[in-house]
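Values quoted throughout were computed directly from the atomic coordinates according to the rules given, and no laboratory measurement underlies them. Keep in mind the model is a prediction, meaning the values are calculated, not measured. Cβ placement follows ideal geometry from the backbone for every residue including glycine, while neighbour counts extend to all protein chains displayed.
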Amino acid sequence: MYQFVTAAMGRSRAVLTILAALLLGGLSSYVSLPREADPDIPIPIIYVGVALPGISPADAERLLVKPMELELRTLTGLKEMQSISAQNYGAVLLEFDVSFDEDQALLDVREKMDQVRPELPDDAEEPDVREFNAGLFPVIMVNLTSNDSERELYRHAKMLKEEISGMPNVLEAKLVGQREEVLEIVIDPRAMENYNVTANELYSVLARNNQLIPAGSIDSGQGRFSLSVPGLVESEGDIGQIPIKSRGDAVVKLNDIAEVRRTFKDQDIYARFNGAPTISIEVVKRLGSNIVQTTQQVRDLTNDYTADWPGTIEVDFSSDISDFIFEMIGSLETSISNAIMLVMILVIAALGLRSALLVGLSIPTSFLVGFLIVDSMGMTLNMMIMFGFILSVGILVDGAIVVVEYADRKMAEGVERREAYAMASSRMFWPILSSTATTLAAFGPMLLWPGVSGKFMSYLPITVIILLSASLATVMLFLPVIGGLFGKSEQEGDELLTSLSGEKRINVRDMRGMTGRYLRFLKMCMNWPLTTIATAVALLTSVVILFGEYNNGVEFSGSIEPHQVNVLVKGRGNLSVEEADFATKMVESIILDIPGVSNAFAQAGPSIGGGDGAPSMGDGRIPADTIGIIRVEFTHFSTRVPASQIVREINERAERFAGIEVEIKEREQGPPQGKGIEIEVSGQDLNELTVVTNLMSQYMQSRDDLYIDVENTLPLPGIEWNLSVDREAAGRFQTDIITVGNVIQLVTNGILIGHYRPDDSDDEIEIRARYPYGARSFDRLDQLRVLTPAGNVPITNFVKRKPSEKRDTIIRIDGQRAIQIQAAMAINPETGSEYLATDLENDFKQWMGQQDFVPSGVKWRLRGANEEAEEAAAFLGRAMIASLMLMFIILLMQFNSLYCTLLTLSTVVLSTIGVLLGMLLT
């Protein structure tokens, strides 16, 4: 090592050039690194969905879900399989280990679905197979509001969406709050009966007259000519002229029995921004692109593109993640700066200014080299990376202090500075290497942390390993070269430094300052070794006992001041869209009146909680009884009261609204966990599951001092109407179920005739036939008639309408029916903060230990944060043992002495005194 350092000193210009290049590269990487709030980790879940319009949840379970489960359960690496059967679709969520190969898993799933496709109903749509990615969520929303016509606002929103979609860093721009266009054929029921036109005839004729005809070509011998038969509908006028029925020279056209108009579908979800109806654009960035840069580009493009728009259209931005990232990264950068300043103050006090500057050089050098390595590894600058930098500040200077202090001592003894730094680097190489290795040994096992949580946390040890490795290179190479050029001992001839060489005996009584006091205290302790050891053991034991009695419990991940919350408005029953919107609007109005609220984006409709079978990965599962979601953003924390007070005020004001509940979800920090406690009840008998779930839910609701926002996945109270067809009676009238079904669709969403693509739209537009608004009601349902050979016959002759319990979804986990119960933590009146999840779990376990209502065919277990916490605790225990073993081996190689190794490791045990005491005091 001595020869290597002296050779580097002889080529100091080259070494300094390399150092400058690394620093410039690191600075460039820091500026260009993409910023994110959380690490971009793969979510090991693949979604497989099959849609079949009109299928019931029970039929979806039998015809769609079970065949898929049988085939997909054999996939390699499958951790858990959850299926959802609902109205119009069936879906399976496949959870793999976090180390899975996404591409290979997708190929395997698609191959399995190709094998199962023949077993699915013929009318089922093609399976939708896709993976979840935490990075594919909106980074900013552009909100357009106007008092003009809906069509005009929709037209401008579509134009802006197309412009944003074309940006290089934008993966997708999606409209929210708009209604899809439809070419609606509004049929006159009387005219239809007068002309004896049936729904089947209408569907058949319109569908057959909207076809692409491959006419081919003719070779005449004198040339080859292509033939075309234009058959696709291109405008509203084309479809109105289609003949429906003819007799002799008389022809009944569609215009004779219906009005054809281009309009919007019925409203199923309302959207508002700050109380005004809106059409919004959600922008999703491409993977790996810079969030801050992307959101700024979206803002600039939007401002430029809308500059000449009518003044009646207002443009606002919301849910800009870059604002939160700026705030978080800025806070962490401030913490790093403060940490560096504190370290430098201590080093200057101990070593002097010149030596402290050499020591301090290791911090920015290691940081910038670290940024360069992070960039080259394709990582982003996120919360965990920055925490790693903060954690490493104090560790980075350890090796530099040792080298500089040793060189100072040698220079104080009269050794030339180049020789002193070469000796220091050579003599201290193995101690510093061993010290760095033991520190890496403490963090290395964390790289093996399993699951999504482990993948999330792995960025912390990766960062520390990168920085310590960069610090080792800095101390062993760059620091001696720079010290050899500029180093100078500010304590030359100092009696203490020269005494440390061991050439003469130290008189402790004559030592002055802090060093003298420390040495005299140390000598006293050494004179009473047994007393000193007994005191340390007693102190350690006392602190452990005190911590066991008065600790604040275990929390899987901490919470920070949120900048945004989601307010869920929940209501039960068969609510209409207008009723759901009215309830959401009431809550929205009280939120906008609260100081500290910046803006609120609301969506309302009874289908909000229905979902599409895909879980909401950002903020957890949306409860099925959710009829409205209000995304509330706060102003900067320096201009308002704490978010907890605003949340409390929202809850207090919303209590006066009868018939609805309000639940507020804050943004989770770290891996998704859900609510404080989650219970899974599984079995085959749905009645037994229902009884057990109701008893558990009732207990939790009775303990509102501990559990709040209790919810489960049991079917919501509600009714649905079953129209049962008497096939024998229908057969006597020479009709069938398809004919009856087509007639019924005329009073609901309409019969889907086909699609057409107008010149002014890039998307296909549905063509649907239905009765006028006034003829679409329950009363009209009983008055429907079916044209049969016997004439127009009321469907009540063979159709009976009766109410039944509504079933929204059927959930299965690993082939068994399952029901999930969740609850959040109430406020502890003694501390003023939420109870811990462990408090809820312990209470529930204690209560269940006293009950015997769970039958043998039903099982229950705790899931969610509890499951993650138990896995983490088990792993960290093993990781700690592995770290100690690695440290033991490294130290044994360094000292070649069991006594010295065990003595050094004892400091690890004794250091827990400070850790536990600090947690108790704070």
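Observations on the model:
- As a proxy for reagent exposure, ranking Ser149, Ser32 by other Cβ atoms within 10 Å from fewest up yields Ser149, Ser32.
- Applying the Karplus relation 6.51 cos²θ - 1.76 cosθ + 1.60 with θ = phi - 60° to segment 298-314 yields 3J(HN,Hα) values of 5, 4, 5, 5, 4, 5, 5, 6, 9, 4, 9, 6, x, x, 6, 9, 9 Hz, where x marks Gly and Pro.
- Residue-by-residue Karplus 3J(HN,Hα) for segment 648-654, coefficients 6.51, -1.76, 1.60, Hz, glycine and proline x: 5, 5, 4, 4, 5, 5, 6
- Taking amide H atoms as placed 1.01 Å from N in the peptide plane, the amide H of Ile43 lies under 5 Å from those of Ala134, each 5 or more residues away in sequence or on another chain.
- Taking N as its residue count, the alpha carbon Rg of segment 629-786 over 2.2 N^0.38 Å: 1.68
- Sequence of Asp759, Asp108 once ranked by neighbouring C-beta atoms within 10 Å, starting from the fewest: Asp759, Asp108
- Using just its DSSP H runs of length 4 or more, each adding -39500 (n - 2.57), the chain gives a mean residue ellipticity at 222 nm of -15000 deg cm²/dmol after division by all residues.
- Each Lys or Arg adds one and each Asp or Glu takes one away; over the other residues whose Cβ falls under 12 Å from the Cβ of Ala643, this sums to -1.
- Annotation: peptides 782-788, 387-393, 916-922, ranked by per-residue average of other Cβ atoms within 10 Å with the highest first, follow the order 387-393, 782-788, 916-922.
- Listed residue (Pro39, Leu27, Leu686) projecting farthest to the positive dipole end of the chain, Cβ model: Leu27
- Derived scalar couplings ³J(HN,Hα) [segment 396-402; Karplus, 6.51 cos²θ - 1.76 cosθ + 1.60; whole Hz; x for Gly, Pro]: 4, 8, 4, x, 5, 4, 4
- Listed residues Gln293, Leu357, Phe371: farthest to the positive end of the dipole of segment 288-382 (Cβ charges): Leu357
- Helix axis angle, 686-702 relative to the chain longest principal axis, alpha carbon, degrees: 60 degrees
- Spatial separation of Cα centroids for segment 53-95 and segment 229-265, in angstrom: 42 Å
- Segment 49-161: C-alpha gyration tensor shape, a/c 1.5 cut-off, then a/b vs b/c: oblate
- Only Lys, Arg (+1) and Asp, Glu (-1) charged, at Cβ; segment 361-477 dipole about Cα centre in debye: 140 debye
- Given charges at beta-carbon only (K, R positive; D, E negative), |dipole| of the chain in Debye: 2500 debye
- Under-5 Å amide H pairs with Leu575, H placed in peptide plane, nonlocal only: none
- Folded to 0 to 90 degrees: helix 102-116 orientation relative to the chain principal axis, Cα: 30 degrees
- Helix 577-592 vs. the chain, principal-axis angle (Cα, 0 to 90°, nearest 10): 30 degrees
- Loop-located chymotrypsin sites (Phe, Trp or Tyr not before Pro) in segment 846-920 whose Cβ has at most 15 other Cβ within 10 Å (DSSP): Phe853
- Residues with amide H under 5 Å from that of Leu171, placed H, sequence gap 5 or more: Val284, Lys285, Arg286
- Options [x] -0.60, -0.77; [y] -0.54, -0.71; [z] -0.75, -0.99 - which one matches log10 I(q)/I(0) by the Debye sum over Cα atoms at q = 0.06, 0.07 Å⁻¹ as calculated here: [x]
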